[in-house]
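Below is one structure; the comments refer to it alone.
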Amino acid sequence: MTPTPRKNKPESSKTLELDEIAKLVKGELAGDPHIRIKGVAGIKDAQEGDITFLSNSKYLPFLEQTKASAVIVSGDIQASHKALIKTAVPSQAFTQIVDWFLGPSEEGQAPGIHPTAVIDKNVIVGSGARIGAHAVVEENTTIGKNTSIGANTVIGRHVTLGQNVKIYPLVSIRERTQIGSNVIIHSGAVIGSDGFGYETVDGRHLKIPQVGFVLIEDDVEIGANVCVDRGRFQKTWIKKGTKIDNLVQIAHNVVIGENSLVVSQAGISGSTELGKNNIIAGQAGLVGHLTLGDNVVVCARSGVTKSLPDGSVVLGEPARPISEQKRILAAIARLPEIVKKLMNKNS
Amino acid sequence: MTPTPRKNKPESSKTLELDEIAKLVKGELAGDPHIRIKGVAGIKDAQEGDITFLSNSKYLPFLEQTKASAVIVSGDIQASHKALIKTAVPSQAFTQIVDWFLGPSEEGQAPGIHPTAVIDKNVIVGSGARIGAHAVVEENTTIGKNTSIGANTVIGRHVTLGQNVKIYPLVSIRERTQIGSNVIIHSGAVIGSDGFGYETVDGRHLKIPQVGFVLIEDDVEIGANVCVDRGRFQKTWIKKGTKIDNLVQIAHNVVIGENSLVVSQAGISGSTELGKNNIIAGQAGLVGHLTLGDNVVVCARSGVTKSLPDGSVVLGEPARPISEQKRILAAIARLPEIVKKLMNKNS
Amino acid sequence: MTPTPRKNKPESSKTLELDEIAKLVKGELAGDPHIRIKGVAGIKDAQEGDITFLSNSKYLPFLEQTKASAVIVSGDIQASHKALIKTAVPSQAFTQIVDWFLGPSEEGQAPGIHPTAVIDKNVIVGSGARIGAHAVVEENTTIGKNTSIGANTVIGRHVTLGQNVKIYPLVSIRERTQIGSNVIIHSGAVIGSDGFGYETVDGRHLKIPQVGFVLIEDDVEIGANVCVDRGRFQKTWIKKGTKIDNLVQIAHNVVIGENSLVVSQAGISGSTELGKNNIIAGQAGLVGHLTLGDNVVVCARSGVTKSLPDGSVVLGEPARPISEQKRILAAIARLPEIVKKLMNKNS
């Protein structure tokens, strides 16, 4: 028997009137200030009493259809019969409201070391830190203040974790990894595994020692089941503010610049270096030993085989500047018709 | 030293005569009823005394070559010098025989809670349930009858698991996930991790709270190292009877209809909704915010960028109706020849 | 606060003079024999006092730029103002030096069974073996001499592990898996999960029992978060000396010949059999039921849909012999120009 689907939205017994919400997010209210809001939801699932928001223009048709009692929008959205709160960044405002209703999405778990956790010698645990059941922390590792380590996670020797780090259950962090503050690492991620490096002699693949480490700077988020290999001799380096989605492969010696996004199932081969604010979209692949500039966008499922200057936007297999690739795709779409014409002429 | 390869088939000391097997599967026997069957094997590996089956027509040439003493076939297979048992669905009949010889593929492990498991307060454990060594079950979680939780698996707070659920070792199920009955989840899967959602302000990526949950209905199977992200505010929803292969990515707010198949390394981006009986083949990718109808087939390694109506069969990058894409691929194959001809004309 | 990046190279207090190093690796020294070497590093990160090596010709420009005090090169590298040690395989020589300076990259951990490990009945543990904290080893499993099992790893029933095997933390090895000697398996790998096999009857997918096993021969390395499914009735088989990178999918009944390489995020579908010395590059995909010969190269991101003879080198979607595919890619690149010309003619 399938469980009775619970309500689509997390529950809360708190309510707010719409003018209180407008004040909370410093937004401009258009509508009845006394509408009472009982919960938060996405625009498609919202019910009467909910507040929702409109951020992605694809959802614009839902503005009229949503059952929500109020919608947070950006300033340029036209009037509707719905109560609206206008604000610069609707999803940020909505986040504030969600936090008000629900508290932070992870209810705070009490700090402390679970009695079943195994903490090796010379481990330093900062105040307010939390180490979950059956977690293992090996020797000479330092855990910063208010950092949380999930159940059954394993942290190797000589690791440094900064403050307010959140490591979910079942993460593996190999020895000598260095992690900054405010980093989030999701379940199943493996940080600091050996790179894939062999010297082939007479057809046999001899393992090249992988004795480097991984450096993850502040404010990085790493998705579930991601792999980040250690550097061969030096470091694999993920810089401040970069966010990595699930099932991504980061090979040895890769450098990813600040505030980049690497989307699910993308792979970055060994020694490739990315600049700042890059976007590597889903299932894209980059060969090794490339250099990408700043503000590069690699579109989904593209295969990058060459280094790219600042501001490049590339698509395709092999990846090309997007306008060029779009011309090629347009020509390919017409190819059957063209071939047919040529055949008729030649007949 | 490589271990001596053990026999290719699981061992059993039980034997059956062929007419007993025919009765067991309600099949029609063509051959000596007294042939004694000692084991089960695939058609290529079977030895004398084994019974095997023929289901995939690619294996038809093996019907005459197999060393098996008998073969289960469908009614339309022509005679052979082999003993045959004819039945409507050979692989189902074979499954019955495997079960007779070996018992269920997972030998029943005794129910009960391993003394090293950590069970938090307010956890309800149904009768006949089994919780493995070092498993962790957090507070307010409900585990149905005869459900089994593997060693070192971590189940978060406020989770519901139905009856006869099989969770293998080292699975992570985050808080508030809801799982129906007869669900199987393989090792390394991560259910309910945060979706990949940020609001970019002045080049910095601010995390959008991911406070929804995952709903997995009855009879779903989820492969090893799969990631299913929680909904942002509402649910990510995998409906009854759907089967997901290893290393698949299911992003936040995705809905997958009943009895669909998602093959290894495919990825489905955020908020995309699939109908019933879809097949998403291996390494395919779907962008976000699409709607796919029922009975849609996305061929292997295709990249879907548009919504698709019922019954669509699509292939390619970008994915197109298969007949259209096949015309394009045929034209592409002739492209070098065509270019050469054009060059000669123009010269 | 981001941690102060530690020095890029692992530390060591040992030093060697250059002529001692030349002797150690049996190389030919060109330069001052008394230069004192204090550490090892990659060519781009090396500092004064380090020795490095040059193996990949892409790094040739760094030979003059590196701050390293000496560089190990192959015999055909031209003179430089740097001290050089000439040897046949520079990276192998360098490995010897790394080992001298640092010891093996994994500092030996003391053998023994951690008191929190759960070892079931009838488990045989060889001398010198190590079983980490919270590891679980189920009944009737055999662990060879000097084999190491990481923290929180789970080994199922009736498993055989050879000698000098290294299993990292959080690996799942399902029942009946057989593993040779000198095998390395990285964190998050899942060995022996059920294959993806269903018989669809009236739109419902009925699970076909997956009762085979996985055989991994000597000297195999398996990356982080790899999935190797068990055979359906027989075995999934990875032969001696094969190396598999992170996040690879190996489906049921696959056979991979000796000394092959399977690079990150590649996927091999069910029952496909590969010969020796194959290279399956990153993000490639092979459909099921194929046979590949020896010395086959599947280039990155290629989709293989047909069996391939010995020595094939294939590229593309669908994969074709590389020379053929390169002609097609060259023609595709010119396609917009060709279409334009044709249009002008026809106008």
Which ones in the stretch C:205-232 are more than 21 Å from residue B:240 (Cα to Cα), open to solvent by 10 Å² or more (accessible area, probe 1.4 Å) and away from chain A (no Cβ under 14 Å)? C:232
Candidates C:226, C:254 - the one that is more than 21 Å from residue B:58 (Cβ to Cβ) and modelled with pLDDT of 95 or more: C:226
If you take the residues of the stretch C:194-204 that are in contact with a Gly (Cβ under 7 Å, 6 or more places away or on another chain) and either aromatic (Phe, Trp, Tyr) or open to solvent by less than 10 Å² (accessible area, probe 1.4 Å) (or both), which of them is nearest to the other protein chains (Cβ to nearest Cβ)? C:196
It is to be established whether one or more residues within the stretch C:72-84 are farther than 19 Å from residue A:235 by Cα and within 13 Å of chain A (Cβ to nearest Cβ). yes
Considering only residues of the stretch A:26-41 that are open to solvent by 10 Å² or more (accessible area, probe 1.4 Å) and touching a residue at least 40 places away in the same chain (Cβ under 8 Å), which is nearest to residue A:90 (Cα to Cα)? A:27
Within the stretch C:237-258, residues part of a loop (DSSP other than H, G, I, E, B) and either away from chain A (no Cβ under 14 Å) or surrounded by 24 or more Cβ atoms within 10 Å (Cβ to Cβ) (or both) come out as C:242, C:245, C:246, C:247, C:248, C:251, C:252, C:253, C:254
Which one of these does residue C:295 not meet: (1) polar (S, T, N, Q); (2) at the interface with chain A (Cβ under 10 Å from one of its Cβ atoms); (3) under 27 Å from residue B:224 (Cα atoms)? (3)
Could you grab me the full set of residues in the stretch C:302-347 that are facing chain A (nearest Cβ under 10 Å), over 19 Å from residue C:277 (Cα atoms), part of a loop (DSSP other than H, G, I, E, B) and of a type outside the set (Asp, Glu)? C:316, C:334
When (1) outside any helix (DSSP H, G or I); (2) free of Cβ contacts under 8 Å to residues at least 40 places away in the same chain; (3) surrounded by 19 or more Cβ atoms within 10 Å (Cβ to Cβ); (4) more than 10 Å from chain A (Cβ to nearest Cβ) are applied to residue C:270, the one that fails is (2)
For the stretch C:115-122, does any single residue satisfy the condition of being out of contact with any Asp or Glu (no Cβ under 6 Å at 6 or more places or on another chain), surrounded by 19 or more Cβ atoms within 10 Å (Cβ to Cβ), within 21 Å of residue C:14 (Cβ to Cβ) and not aromatic (Phe, Trp, Tyr)? no
Which residues, taken from the stretch B:152-168, are surrounded by 24 or more Cβ atoms within 10 Å (Cβ to Cβ), more than 10 Å from chain A (Cβ to nearest Cβ) and closer than 19 Å to residue C:193 by Cβ? B:165, B:167, B:168
Would you mind stating whether residue A:129 is over 30 Å from residue C:94 (Cβ atoms) and either more than 10 Å from every other protein chain (Cβ to nearest Cβ) or surrounded by fewer than 23 Cβ atoms within 10 Å (Cβ to Cβ) (or both)? yes
Mind listing just one residue for me: the one in the stretch A:319-346 that is within 12 Å of residue C:339 (Cβ to Cβ) and of a type in the set (Lys, Arg) and, of those, least open to solvent (accessible area, probe 1.4 Å)? A:334
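The values are calculated or read from the model by the stated rules, or taken from the named source; none is laboratory data. Not measured: the values here are computed from a predicted model. Note: ideal-geometry Cβ built from the backbone for every residue, glycine included; neighbour counts use all protein chains shown. The protein model used for the area step is the full one, side chains on, heavy atoms only, and it has no ligands, DNA or RNA in it. Shrake-Rupley method; radii C 1.70, N 1.55, O 1.52, S 1.80 Å.
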